[in-house]
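Trainee: After the structure tokens below, expect a handful of questions from me.
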Amino acid sequence: MSIRDPALICDLLVLALANTQGIVSAMRTPLSLLLTFTLLLSMALGAEPATRTYANARFGFVLSYPTGLIAGPEPANGAGREFHTKDGECSVLAQGHFLLVDDGDSLEKRWQQELKESGDTVTYKKKTAGWYVVSGVGKNGVEYYTKFFVKGSNWVEFRITYPHAKNKKYDPWVTQIEKAFVPFREGDFDRLR
């Protein structure tokens, strides 16, 4: 457990308030007690959700996802996995495969296709030499965030969807997933050069 773990912080708050002979007596003034309580409460409010890790054995990407998501079954081809909240309102799909370079498949082609399919619902887009991001709010009120990576003749992506009305709840999840995602680990994985 880390000090950023909400359960640990709550336990510390309870201990700080209940233990009159321990912590409180060690704090000689009410100001010390107030400062300790304020510090613990601020850490609890700023805590990131606890995470689990999914490391794809076939393509070598790593997804860290909030524990509030339930892992769906991995497909027989081992390409990736879908994760969702208990009520199904938030979904994260992480998957990888090969670019069909002989058929003209490329990052640019996928980028153009993504923009065409998303149409005028795109609120943010960015493309580099090795990845792109497209996000927005669909006409159905569903917010989406897609990040697509290419290395050699291989691609990996994650797609996140959730109700736009609940973006205050799920936007931090998107940020956390995006920061921790590892598209291409080093090692002996199913990759084309």
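Trainee: When the label point is put 7 Å from the Cα of Thr51 along its Cα-to-beta-carbon vector, which residues of the range 64-84 have a backbone N closer than 13 Å?
Mentor: What the label zone holds, given the 13 Å backbone N cut-off, is 64-68.
Trainee: Moving on. Determine, for Leu115, Leu100, Leu107, Leu69, the number of other Cβ atoms within 10 Å of each Cβ, and report the residues in order from fewest to most.
Mentor: Listed from fewest to most nearby Cβ atoms, that is Leu100, Leu115, Leu107, Leu69.
Trainee: Rank-order 174-185, 122-133 by packing density, defined as the average count of other C-beta atoms within 10 Å over each peptide's residues, highest first. Present the calculation step by step, with values, prior to reporting the outcome.
Mentor: Numbers: 174-185: 16.2, 122-133: 13.2.
Answer by packing, highest mean first, reads 174-185, 122-133.
Every number in this text was worked out from the coordinates using simple rules, so none of it is lab data. Predicted model, so just to flag it, every value in this text is computed and none were measured. All Cβ positions, glycine included, derive from the backbone under ideal geometry; neighbour counts span all protein chains shown.
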